[in-house]
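The values are calculated or read from the model by the stated rules, or taken from the named source; none is laboratory data. Keep in mind that this is a model prediction, so the values were computed, not measured. Glycine also receives a Cβ, built like all others from the backbone with ideal geometry; neighbour counts cover every protein chain displayed. Ligands, DNA and RNA are excluded from the accessible area calculation, which covers all protein heavy atoms including side chains. Shrake-Rupley method; radii C 1.70, N 1.55, O 1.52, S 1.80 Å.
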Amino acid sequence: MDCDVVIVGCGVAGLYAALNLPATSRVVMLSKGELDECDSMLAQGGICVLPEGDDYDSFFEDTMRAGHYENRRESVDIMIRSSRSVINDLVALGVEFNREADGSLAFTREGAHARPRIAFYRDVTGKAITSKLLERVQQLPNVEILDHTAMIDLLVEKGECRGVVACPVTEEQSVQTIDELMPEDATAPAAGAPAAGEPAAGVRPAPAFEIHAGATLLATGGIGGVYQHSTNFPQLTGDAVYLATKYGLETEHLDYVQIHPTGLYSQRPGRTFLISESCRGEGAVLLNQAGERFVDELQPRDVVAAAIREQMRADGSEHEWLSFAPVDPAVVREHFVNIRQRCLEEDRDILDEPIPVVPTQHYFMGGVRVDRDSAAAMPRLYAAGETSCNGVHGRNRLASNSLLEALVFARRAAYNIATGRSLEVEATGEPALDGAHRATGIDASIDRLCAAPASSAPNASDPASPVRGESSSKLSQAN
């Protein structure tokens, strides 16, 4: 199979990248499981946005402080200044957000944020965004989506990525790692370890097939599937990081794993249900076994999670409690519909009683190291979303920066794939939050869907320069 771009993963990063690629390019997307089995669907709290230019310094500081100042400052700057364009695109594509009476975006607040700056749709923001992006991508004649198809290797020629090796998987197999999907001798090199950037000799699974592409974008999500208790889907088994390590590519902060303070404690097996941080942002409080508050709930996630674990040890308990008593019942009924319904399945009504919560694995700040354009060290290889590390999050992610970061850097990857250039970053506080898409001048699929005027594009008059010295279509034809 040949294409211009292969995208591994169908979460927000992969979908938004597909929308931002030229409408004339042939794109193949892989989903390891069902199309809705991606963590983007699970994001509850919302997506950060710079509400006005005056909030830039505060937003920047909140992100840096949450990340213990280990963030890449350039990446944080790019994310914040690009946020308004991303939100406009989502609105232009038809994503719903909660609104104020005057029609403007409503904003909520979460832990470690100095002010409300999080756009949201009830408590299912991730589902609202991802479902709409998927719907729009499925309308594109140039994109083919292969579900229940796992990436098991990269195609590498002369040190460059030329696509991926994939194989169909059942729902049961979709939760397996690459090692588990391969035959026992598949990853064993014929003699010694392979040189950096060169494949190991071995045997592929019988149904494996090659997808040759001019550019490859890895958007496979995080690593929660390898944990016993996680808020992630079990399909997220760190496949991109595994292959990056195999080929000697640089990874970063593989030990930076975020534990979310409030997973719903349950005796049921399977994925832990997340209780959004926005609940605490709206006033919910943490209580110990004696019914006493023991922590400032709006501190960064790692601080709150550590406080809960310490209190659990002191109480000799398997969980602590989250009380919605201080929250306006109308807010609970409107904002936290999904959370309330899930708790009702555990015979607990958050309007009447506290719910048991426990820290649980939630997010991976590390991953395949990429630059400002989401490019990895290997030519023609890109990574975006949770599987990448562009340095935005540092040691600990600020709440609701995940969707934003994934979208911003997926868009930058698509632009760099198409042109070989770095997408110009918007001025602080620009453009207006008016729900209008602005084109980037490459005849992207999103331009056609939103019927955006080409004259609004930065650098629209510049000729499209080729990716890594060749156009995307030429790269495909060369394989």
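Things to note:
- Qualifying residue in region 323-346 (condition: over 27 Å from the mean Cα position of the chain (by Cα), under 30 Å from GLY225 (Cβ atoms) and among the hydroxyl-bearing types (Ser, Thr, Tyr)): no
- Qualifying residue in region 167-186 (condition: under 20 Å from the mean Cα position of the chain (by Cα), crowded, with 21+ Cβ neighbours inside 10 Å and closer than 23 Å to LEU15 by Cα): yes
- Unmet requirement for GLU424, which otherwise passes all of (1) out of contact with any helix residue (DSSP H, G or I) (no Cβ under 8 Å at 6 or more places or on another chain); (2) among the charged types (D, E, K, R); (3) closer than 19 Å to ALA213 by Cβ: (3)
- Annotation: MET64 fulfils all but one of (1) touching a residue at least 24 places away in the same chain (Cβ under 8 Å); (2) in a helix (DSSP H, G or I); (3) open to solvent by 10 Å² or more (accessible area, probe 1.4 Å); the unmet one is (3).
- Residue within region 48-59 that is modelled with pLDDT under 95 and of a type in the set (S, T, N, Q) present: no
- Region 160-172: number of residues that are at pLDDT below 95 and closer than 19 Å to VAL241 by Cα: 0
- Single residue of region 83-123 satisfying the filter (out of contact with any strand residue (DSSP E or B) (no Cβ under 9 Å at 6 or more places or on another chain), hydrophobic (A, V, I, L, M, F, W, C) and open to solvent by less than 40 Å² (accessible area, probe 1.4 Å)) that is farthest from LEU433 (Cα to Cα): ALA112
- Residue in region 349-372 that is part of a loop (DSSP other than H, G, I, E, B), of a type in the set (S, T, N, Q) and crowded, with 24+ Cβ neighbours inside 10 Å present: no
- Pair list, Cβ < 7 Å and 6+ apart or interchain, from region 351-366 residues that are farther than 30 Å from GLY394 by Cα to residues that are of a type in the set (Gly, Ala, Ser): PRO354/SER323
- Among the residues of region 18-43, the one identified as open to solvent by less than 10 Å² (accessible area, probe 1.4 Å) and at pLDDT below 95 is GLY33.
- Some residue of region 49-59 being open to solvent by 10 Å² or more (accessible area, probe 1.4 Å), closer than 19 Å to ALA13 by Cα and among the aromatic types (Phe, Trp, Tyr): no
- Cβ pairs under 6 Å, 6+ apart, first in region 68-84 and within 18 Å of ALA112 (Cα to Cα), second charged (D, E, K, R) and outside any helix (DSSP H, G or I): HIS68/ARG395; GLU70/ARG395
- TYR415 falls short on exactly one of the conditions (1) outside any helix (DSSP H, G or I); (2) modelled with pLDDT of 95 or more; (3) touching a Lys or Arg at 6+ places or on another chain (Cβ under 8 Å), and that condition is (1).
- When region 269-286 is limited to residues that are over 22 Å from ALA119 (Cα atoms) and touching a residue at least 60 places away in the same chain (Cβ under 8 Å), the one that is most open to solvent (accessible area, probe 1.4 Å) turns out to be THR272.
- Test for ARG301: is it modelled with pLDDT of 95 or more, charged (D, E, K, R) and closer than 20 Å to THR231 by Cα: no
- Residue in region 206-220 that is modelled with pLDDT under 85 and open to solvent by 10 Å² or more (accessible area, probe 1.4 Å) present: yes
- So SER422, is it under 29 Å from VAL164 (Cα atoms), modelled with pLDDT of 95 or more, polar (S, T, N, Q) and surrounded by fewer than 17 Cβ atoms within 10 Å (Cβ to Cβ): yes
- Every residue from region 377-390 that is open to solvent by 10 Å² or more (accessible area, probe 1.4 Å) and assigned to a loop (DSSP other than H, G, I, E, B): ALA377, PRO379
- Only a single item in (1) open to solvent by 40 Å² or more (accessible area, probe 1.4 Å); (2) under 29 Å from VAL392 (Cβ atoms); (3) in contact (Cβ under 8 Å) with a residue 60 or more places away in the chain is not met by GLU310, and it is number (3).
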